[in-house]
Amino acid sequence: MEKNKSVAFHTLGCKLNFSETSTISRMMENEGYAKKDFTDIADVYVINTCSVTDNADKECRQLVRRIQKKSPESFVIITGCYAQLKPKEIAQIPGVDLVLGAAEKFNLAKHIKDLTKTNDAAKICSCDIEALTGFNASFSQNDRTRSFLKVQDGCDYNCSFCTIPMARGKSRSDNIANVVKHANNLAADGVKEIVLTGVNLGDFGKGPDGDSKQDENFTELVKALDEVNGIARFRISSIEPNLLTNEIIEWVAKSDQFMPHFHIPLQSGSNEILGLMRRRYKRELYAERVDLIKKLIPHAAIGVDVIVGFPGETDAHFKETFDFLHSLDVSYLHVFTYSERDHTKAVEFKEVVPISIRNERNKTLRNLSYMKLQYFTNKHVGETRKVLFEGFNKDGMMEGYTDNYIRVTVPYKLEWANQVIDWKL
């Protein structure tokens, strides 16, 4: 496939996927491929998929159809979580040429060398996820302002609704020395903010084979990164409440580099539903974490993941969740509507919540989120906070975020791009 020398990427899903796509893209450029925008005509299109929601599956199919229409002779390669979970299903999509599972996505250049166009089902390069080992360090580098740095992958938890352990394998990590090296390199490239990402970030410390021989943990990683010069800001992307220790909260409270911003999955405010979900905490522990953050860092932003419509969630359970979230001093919610996923324990549960009720509950919590965010933002009006402005000119305006994650929009000034500015809200 020597004549094919241009490649375009599209990413579905999480920050972790974005960091991996960026790394694979750089690998392809090093192999001599010209990077194209996904809307352009390219010789190779790569879609890095997610499997958390049904929409990701549907969007993958829509993207393939779009490529087929504009460039039918181009190669289409699907990788990511959906590709690992349902390779045979994807291989049957008309226009797909190659499906790469979790172990093979970083070997993209090798796999496409001998790829030929065919009308048959796509070639599949997948693996036994339970045998998957090794850690591929990844970071995004497209936007100088902010980089998503992957420090952990996989998950040893078995939440009853989740397919991620089946898509990404067991928990494994980079080591602290490597992460610090990547952070220093990003600082040298002018990056001002690093967002630490992983599937189960707080579980950092297990070696690339999924064992605990490294004898390192997430708290030690945070402390080591606090010593890195040149990075103005670190953010912790999402961390389980049972792994967010008091020590981490206390360290962020006194750190100049770690931002007063936490994203903590809750999923349900009902202990009974949390038990059915196989979560590793109860609502009381969650409330303790929020209370400590607000006691030590009153201005901190706290984001919450919550799932509505889980099997068995009655009106009373949902009211428990609503009332609990209403009582918590949190800043915004990411609301997910439960969707059935093959091979999960929850799909066997009989008390299915009708789709219409799931959607109704989603809307109710989104309204609550809107009010929470308005309240949190209004509390800080009149304050002067540090804002890191991004370099994009959007119709004469530019955006940035305060340390505590309030979005600020101002008239575009070139000299403010990728700079931390004191700004009165």
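Below is a table of values for the structure above.
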item	result
For S138, distant residues with modelled amide H under 5 Å away	K150
Radius 13 Å from Cβ of F204, net charge of other residues (Lys, Arg +1; Asp, Glu -1)	-4
Fluctuation leader among G190, G80, G382 - the chain, Gaussian network, Cα springs under 10 angstrom	G382
Cα convex hull volume per residue for the range 109-231 (Å³)	154
Rounded to whole Å, sorted largest first: equivalent-ellipsoid semi-axes of the range 180-333, Cα gyration tensor	31, 18, 13
Average Cα contact separation per residue, the range 133-259, under 8 Å, 6 or more apart, as relative contact order %	26
Inter-probe distance in nm under a simple model that places probes 7 Å from Cα toward Cβ, at I421 and E284	4.9
Gyration tensor over alpha-carbon atoms, the range 384-424, equivalent ellipsoid semi-axes in Å	16, 10, 8
Reduced Cα scattering model of the range 14-54, Debye log10 I(q)/I(0), q = 0.30 Å⁻¹	-1.13
Relative contact order for the chain, counting Cα pairs under 8 Å that sit 6 or more residues apart, in percent	10
Listed residue pairs exceeding 32 Å between alpha carbons, taken from K223/K424; K58/K223; K36/K394	K58/K223
Spacing of the two label points (7 Å from each Cα toward its C-beta) at N158 and R65, in nm	3.8
The range 20-111: translational diffusion in µm²/s, Stokes-Einstein, Kirkwood Rh over Cα pairs, 37 °C, 0.692 mPa s	246
Fraction of beta bridges assigned by DSSP in the chain that are antiparallel (%, nearest 5)	30
All Cα pairs of the range 262-379, percent lying beyond 24 Å	25
Listed residue pairs exceeding 31 Å between alpha carbons, taken from K70/K113; K123/K350; K319/K379; K88/K150; K123/K206; K15/K345	K123/K350; K123/K206
Highest-MSF residue in the chain out of A316, A109, A167 [GNM, Cα springs under 10 Å]	A316
Fraction of alpha-carbon pairs over 14 Å apart in the range 102-157 - percent	70
Two-decimal Rg/Rh across the chain, once Rg and the Kirkwood Rh are taken from alpha-carbon atoms	0.96
Cys residues of the chain counted as unpaired, since no other Cys beta-carbon is under 4.7 Å	C14, C50, C60, C81, C125, C127, C155
Length gained when the stretch K5-K363 is fully extended (0.36 nm per residue, less Cα-Cα span)	124.3 nm
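None of the figures in this text is laboratory data; all of them are computed from the coordinates on show. Please read these numbers as outputs of a predicted model, since none were measured by experiment. With ideal geometry, Cβ positions are generated from the backbone for all residues, glycine too; neighbour counts draw on all protein chains shown.
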